[in-house]
1. Tell me the helices (runs of 4 or more DSSP H) entirely within region 1-111 that contain at least 1 residues that are more than 16 Å from the ligand (Cβ to nearest atom) and basic (Lys, Arg).
2. Restricting attention to region 29-60, which residues are over 11 Å from the mean Cα position of the chain (by Cα) and among the polar types (S, T, N, Q)?
3. Does ALA57 meet the test of being farther than 21 Å from LEU124 by Cα and crowded, with 19+ Cβ neighbours inside 10 Å?
4. In this structure, does GLY159 turn out to be more than 15 Å from the ligand (Cβ to nearest atom), of a type in the set (Gly, Ala, Ser), closer than 28 Å to GLN20 by Cβ and assigned to a loop (DSSP other than H, G, I, E, B)?
5. Of the conditions (1) closer than 21 Å to PHE15 by Cα; (2) free of Cβ contacts under 8 Å to residues at least 60 places away in the same chain, ASP140 fails just one. Which one is it?
6. With respect to SER63, is the statement that it is of a type in the set (S, T, N, Q), closer than 27 Å to SER21 by Cα and buried (at least 20 other Cβ atoms within 10 Å of the Cβ) true?
Amino acid sequence: MHNMLKPNLTVGSIFDIDLQSLMEKGYKYIIIDVDNTITAWNHYKISQRLRNWVFKAKETGFSICLLSNNNQAKVQKFASELSVMAAPVGGKPRLRSFKSALTALRGGTHNTLVIGDQIFTDILGGNRAGLFTILVDPIDNKEFIGTKFTRLMERIVAGRRPICKSHRQPR
Ligand SMILES: [Mg+2]
């Protein structure tokens, strides 16, 4: 169980991920969380920095699919504004949500990355699906009330380090 909670890679934010070297290792697909991974919680505005990152990822050769437990209509709209896909099934960490994202991407377990800010949804689910998992610091400390308890468990059960201030992204 403990291993399933451990990300393959931990970074401050999506902007710290070396997409080029991951592409060279054979990764081509990205399943990515929305709230607190690419935008502040429930703040569905697209920053220029995020738009540039998505553009660069696509230019490097990646296909991107959003996978979120938030309201699916909102997620679909956000995805189309970003010109990326959105998984048809939410409900992380359940396997079927990750499978729906893989199917949408036509990706395989060996060439797909999962990026997210939560251990018990993004990392646990991604690891169980056999994918390469990348944990980022949450963008903001504003979040869904239920997540506050989860954060405490992440520290106690998964030994997550406190968020580094230098990792904070501008909104
Ligand atoms: Mg999140």
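Taken together, the values in this text are just the output of simple stated rules run on the coordinates, not laboratory data. Fair warning: this is a prediction, and the values are worked out from it, not measured in the lab. Positions of Cβ are generated from backbone atoms using ideal geometry, with glycine treated the same way; all protein chains shown enter the neighbour counts.
1. Working: elements: 19-24, 48-60, 72-82, 95-105.
So the answer is 48-60, 72-82, 95-105.
2. Going through region 29-60, the residues over 11 Å from the mean Cα position of the chain (by Cα) turn out to be 29, 40-60.
Across region 29-60, the qualifying residues are ASN42, SER47, GLN48, ASN52, THR60.
3. On the way: farther than 21 Å from LEU124 by Cα: yes; crowded, with 19+ Cβ neighbours inside 10 Å: yes.
Taking the combined requirement at face value, the residue satisfies it.
4. Values: more than 15 Å from the ligand (Cβ to nearest atom): yes; of a type in the set (Gly, Ala, Ser): yes; closer than 28 Å to GLN20 by Cβ: no; assigned to a loop (DSSP other than H, G, I, E, B): yes.
Against the criterion (more than 15 Å from the ligand (Cβ to nearest atom), of a type in the set (Gly, Ala, Ser), closer than 28 Å to GLN20 by Cβ and assigned to a loop (DSSP other than H, G, I, E, B)), GLY159 does not qualify.
5. It is condition (2) that ASP140 fails.
6. On the way: of a type in the set (S, T, N, Q): yes; closer than 27 Å to SER21 by Cα: yes; buried (at least 20 other Cβ atoms within 10 Å of the Cβ): no.
Considered against the rule, which asks whether it is of a type in the set (S, T, N, Q), closer than 27 Å to SER21 by Cα and buried (at least 20 other Cβ atoms within 10 Å of the Cβ), SER63 comes out as no.
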